[in-house]
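Readers should treat all values here as calculations from the given coordinates under stated rules, not as data from a laboratory. Predicted model only: the values in this text are computed from it and were never measured. FYI the Cβ positions are ideal-geometry reconstructions off the backbone, even for glycines, and counts take in every protein chain you see.
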Amino acid sequence: MPINNKNLNFWRIITNTWGILTLTLFVVDFFSFHSYSEATSASAVIYGFILAMFVGSKEFQRWKSKNGQYRSIHWGEIYPIVWSIIMLLFVFITAISKNDFQIPNEFPATYITVLGIYIISQQSKSFYSKK
């Protein structure tokens, strides 16, 4: 299903839901000594795909429209900040616990995916505004 302005809000809700679910699973998995690693792994893959699809479609809409129609007033900046805070907490807790706690295997890759997609989106927005 192609994403247009009408169903972009639907995909934003799906993306946010999977993002919150995935981040929550990572935190629960971390503090439960990887009791939820299978669910966390599956959720991370699904979230990465949905996030890339949503952001790519959103940027395509921006470039496709004559006047950069897609203007976001949403809180996309919060996700990289929250993911960064969680990553810092995981690293800190792992260090002070002398490795009693271990960062979930997929967390660094998912964190890098979130940051990478955010950076690409910001660059696209910047390039468009200079057009």
Surface/4 estimate of mean projected area, convex hull on alpha-carbon atoms of the chain, nm²
8.3 nm²
Helix-only CD estimate at 222 nm, as mean residue ellipticity for the chain, using -39500 (n - 2.57) per DSSP H run (n ≥ 4)
-26500 deg cm²/dmol
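If you wrap a convex hull around the Cα atoms of segment 78-117, how much volume per residue is inside, in Å³?
In segment 78-117, the Cα hull volume divided by residue count equals 48 Å³.
Taking the mean number of other Cβ atoms within 10 Å as a proxy for protection, how do you rank 34-46, 102-114 from highest to lowest? Could you put the intermediate results ahead of the total?
Numbers: 34-46: 16.2, 102-114: 17.9.
With the highest mean Cβ count within 10 Å placed first, the list reads 102-114, 34-46.
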